[in-house]
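J.: Following this message is one structure expressed as structure tokens.
All of the numbers you see were taken from the coordinates with simple rules; none came from a lab. Keep in mind it's a predicted model, so treat the numbers as computed, not measured. Note: ideal-geometry Cβ built from the backbone for every residue, glycine included; neighbour counts use all protein chains shown.
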Amino acid sequence: EAQVTQNPRYLITVTGKKLTVTCSQNMNHEYMSWYRQDPGLGLRQIYYSMNVEVTDKGDVPEGYKVSRKEKRNFPLILESPSPNQTSLYFCASSVSTGANYEQYFGPGTRLTVT
Amino acid sequence: GDSVTQMEGPVTLSEEAFLTINCTYTATGYPSLFWYVQYPGEGLQLLLKATKADDKGSNKGFEATYRKETTSFHLEKGSVQVSDSAVYFCALSGTDTGRRALTFGSGTRLQVQP
């Protein structure tokens, strides 16, 4: 089954404790992206990756890091989480060609930083 | 920059009622337009899309027409069911072919009562 998976689905942590949210896709997509969803704001892009070893900032990159060492994986790293990073996070992937930009989303990771 | 405006929710309807969720957008160029649906506890799923003016996207009884003259992409369904209860997001594709970011509206929660 074609899918995007994320782990963990739920995470409660404390300020300053480094964490990683994993994302993996099995569709051989070149493009991957991270979004955060906050009430009343919809989804906002954090980082994206056009292909292996190619990453760039989205709209709200502060406080986050990413890496793309393999095509299927795109982890999101919070080196020193703060309470304002409490949010619902989604990973997405798509092909890199064509203008439709149809993206496939993972199930989400709900992060709480206390 | 690009933006998407959706009607405020929640929208509460009785089963078999007619549904309209308004969506208007601001964008440079000629974006593609999407409706995504988020069921409780799940990620976003693509519901329908339209890639050029006057295109009509349709799926599962839902329809939306890309209206360039009014910059709108309203979602409609003739007869809603309880199972349609979810949050609906209107989105557009960026014209930055590198970033491929989707710009989302804030979402509209639909509640359908039996």
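J.: For region B:58-86, which positions are under 10 Å from the mean Cα position of the chain (by Cα) and surrounded by 20 or more Cβ atoms within 10 Å (Cβ to Cβ)?
T.: B:62, B:64, B:73, B:75
J.: Could you check region B:38-114 for strands (runs of 3 or more DSSP E) lying wholly inside it with 3 or more residues that are of a type outside the set (Gly, Ala, Ser) and facing another protein chain (nearest Cβ under 10 Å)?
T.: On the way: elements: B:44-50, B:56-59, B:62-65, B:75-77, B:86-93, B:102-104, B:108-113.
It comes to B:44-50, B:86-93, B:102-104.
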